[in-house]
Amino acid sequence: MQRYQITEFDLINLKQWFSRYVQSFYSPDPMVRKAIVLKEKHSLMVCKEIMNIGRMLDMNSGDLMLAEVMALFHDIGRFEQFTRYKTFVDRKSENHGELGVKVLKREKTLTALDEDTRELIMKAVSYHNRFSIPEDESTVCLYFSKLLRDADKLDIFNLVSTYYYVGNSERSAAVELDLPDIPEVSEEIMTSLNEGKKISVRQLRSLNDFKLLQLAWIYDINYRPTFRMIYERDYLRKIRDTLPKSEGIDFIYSRLMSYLRKNI
Ligand SMILES: [Fe+2]
């Protein structure tokens, strides 16, 4: 992975650029401001998580810095998305991964880096929220894209496993993708989960479906250290406990847990 180069100096500059860029979206409107701050914190947490996973994978310091830049910018499209469309729902606005790449190009954020490194970062950003990564990508691109997807999920697990326990007034439609909090769980989602399949955002009908989608992310985790952290932090149980009690869900939960245990 020698071809890809990030120096400590680059990293410092890019972090400064990030915080200046995000601050330009701080709005007097409390709803917008809250959403912007939420994604700013999330981006910084994903930086921490990607370093946690990377260190456990014994990555060298250069690769760790590169991974950190990817984490820092993975949701860079979110700030413009929310400001323009007042939603984080890609279907109602635009794909935030691709929007992120447009922002990085338009703002010339990565011009200090060599072309290969720049392209690699932009690919990881554009693949972070796809249903799956194109399999014909280079080994290095797959390696980093998978790492970024793991780190992103780790922080979202953290966010949602605490978030579902707070009262309605503290919750926001921005996190819940505007889905209704009704007791139902869709049959289609249960079937996908019973078959050990990932779930697509398009299948979602309720907040419970969304929680199940997040549980099913376990099938989309790539690295052993990530599995271990999910296990140690007990994320699946925390999310499961906010779902209605039913035999169907119990069954799915035990399947997910045994898949998790197999991978730690
Ligand atoms: Fe994202």
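The values are calculated or read from the model by the stated rules, or taken from the named source; none is laboratory data. Since the model is a prediction, treat every value here as computed from it, not as a measurement. Here the Cβ is made from the backbone with ideal geometry for all residues, glycine too, and neighbour counts use every protein chain on show. Keep in mind that these areas ignore ligands, DNA and RNA; they rest on the heavy atoms of the full protein, side chains included. Shrake-Rupley method; radii C 1.70, N 1.55, O 1.52, S 1.80 Å.
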Tell me whether segment 88-106 contains one or more residues that are open to solvent by 20 Å² or more (accessible area, probe 1.4 Å), away from the ligand (no atom under 16 Å from the Cβ) and among the acidic types (Asp, Glu).
no
Can you find a residue in segment 62-77 that is away from the ligand (no atom under 16 Å from the Cβ), open to solvent by 80 Å² or more (accessible area, probe 1.4 Å) and out of contact with any helix residue (DSSP H, G or I) (no Cβ under 8 Å at 6 or more places or on another chain)?
no
I need every pair where a residue in segment 130-152 that is in contact (Cβ under 8 Å) with a residue 60 or more places away in the chain and more than 11 Å from residue 97 (Cβ to Cβ) has its Cβ under 6 Å from the Cβ of a residue that is surrounded by 18 or more Cβ atoms within 10 Å (Cβ to Cβ) and of a type in the set (D, E, K, R), sequence separation at least 6 or different chains.
151/49
Looking only at segment 47-59, decide whether some residue is open to solvent by 20 Å² or more (accessible area, probe 1.4 Å), touching a helix residue (DSSP H, G or I) at 6+ places or on another chain (Cβ under 7 Å) and within 13 Å of the ligand (Cβ to nearest atom).
no
Does residue 78 satisfy the criteria of being at pLDDT 95 or above and in contact with a His (Cβ under 9 Å, 6 or more places away or on another chain)?
yes
Go through segment 187-213 and give me each residue that's farther than 17 Å from residue 132 by Cβ, in contact with a Leu (Cβ under 9 Å, 6 or more places away or on another chain) and not hydrophobic (A, V, I, L, M, F, W, C).
205, 206, 208, 209, 211
Is at least one residue of segment 121-130 open to solvent by 60 Å² or more (accessible area, probe 1.4 Å), closer than 18 Å to residue 213 by Cα and not in a helix (DSSP H, G or I)?
yes
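A quick yes/no check of all residues on (1) assigned by TED's automatic domain parsing to the domain that holds residue 104; (2) farther than 23 Å from residue 147 by Cα; (3) among the basic types (Lys, Arg); (4) part of a helix (DSSP H, G or I):
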residue: 27; (1), (2), (3), (4): yes, yes, no, no
residue: 46; (1), (2), (3), (4): yes, no, no, yes
residue: 53; (1), (2), (3), (4): yes, no, no, yes
residue: 70; (1), (2), (3), (4): yes, no, no, yes
residue: 80; (1), (2), (3), (4): yes, yes, no, yes
residue: 87; (1), (2), (3), (4): yes, yes, no, no
Would you check which residues across segment 239-256 are surrounded by fewer than 16 Cβ atoms within 10 Å (Cβ to Cβ) and under 17 Å from residue 157 (Cα atoms) and list them?
241, 242
